[in-house]
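Please read the structure below before turning to the comments.
The values are calculated or read from the model by the stated rules, or taken from the named source; none is laboratory data. Computed from a predicted structure; not experimentally measured. Note: ideal-geometry Cβ built from the backbone for every residue, glycine included; neighbour counts use all protein chains shown.
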Amino acid sequence: MGIYSIKPLFQKSLAPLKRILVKWKVSPTAINLLALLISISGGLAIYYSQYYIILLIYVPFMAFIRTALNALDGLVARELKVKNQKFGEVLNEFTDRLSDISIFSAFIFMPQVNTYLASATLVIILTNSYLSILSKAAGGKRQYGGLVGKADRMIYLGIFSIIVLITSNFNILNYFLAFISLATIITLIQRFIATKGELYR
């Protein structure tokens, strides 16, 4: 379910860029850090869009670039046969969570957005990611399934940003956050059930 069902096709589309990065021996760590910087810039664009709404046009591009970089780091790591891949996985997950915080914390400080809703959404997203990682730590596999994942969130973020840009109605962001919260709770339940089923085999 979710965008992860077409992940192989998306990775295949990134093959030309992957070959360039491998040729230049760009480290997965550099890709992770670039994704984090892109996410921070996206969070700033979201926050300052209340003053300069045109900044919202950048958000879909940010969302796509972050998603692409998140896919590329693993592909490049395998091609370069990077040592300490376990630590690389830790760094990848850590920067991913920082990226989520950088993007979604922007909503908390926007007067047009319900602070409690924005805060709850961020907590739910981080809890869902934590459960996914915990599954692997307990001896199962890293959970990617469910209704919405990281890539799905980025797609919906891009769509809602364009809608706000067109309508100039920032209240729409509350509906976006409510949708993401509900969908992520469903995803969390799905991943919890999947983890339990796998670990009880």
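In this structure, does residue 51 turn out to be among the aromatic types (Phe, Trp, Tyr), touching a helix residue (DSSP H, G or I) at 6+ places or on another chain (Cβ under 8 Å) and either outside any helix (DSSP H, G or I) or surrounded by 16 or more Cβ atoms within 10 Å (Cβ to Cβ) (or both)?
Values: among the aromatic types (Phe, Trp, Tyr): yes; touching a helix residue (DSSP H, G or I) at 6+ places or on another chain (Cβ under 8 Å): no; either outside any helix (DSSP H, G or I) or surrounded by 16 or more Cβ atoms within 10 Å (Cβ to Cβ) (or both): yes.
No, not satisfied.
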List the number of the failed condition for residue 168; all other conditions in (1) surrounded by 14 or more Cβ atoms within 10 Å (Cβ to Cβ); (2) under 22 Å from residue 109 (Cβ atoms); (3) more than 19 Å from the chain's Cα centre (by Cα); (4) of a type outside the set (Phe, Trp, Tyr) hold. (1)
If I filter segment 81-116 down to residues being among the aromatic types (Phe, Trp, Tyr) and assigned to a helix (DSSP H, G or I), which single residue comes out as modelled with the lowest pLDDT? 87
Residues in segment 153-188 that are assigned to a helix (DSSP H, G or I), free of Cβ contacts under 8 Å to residues at least 12 places away in the same chain and more than 16 Å from residue 117 (Cα to Cα): how many? 3
The condition of being within 30 Å of residue 54 (Cβ to Cβ) and either more than 16 Å from the chain's Cα centre (by Cα) or modelled with pLDDT of 95 or more (or both) holds, among 183, 194, only for 183
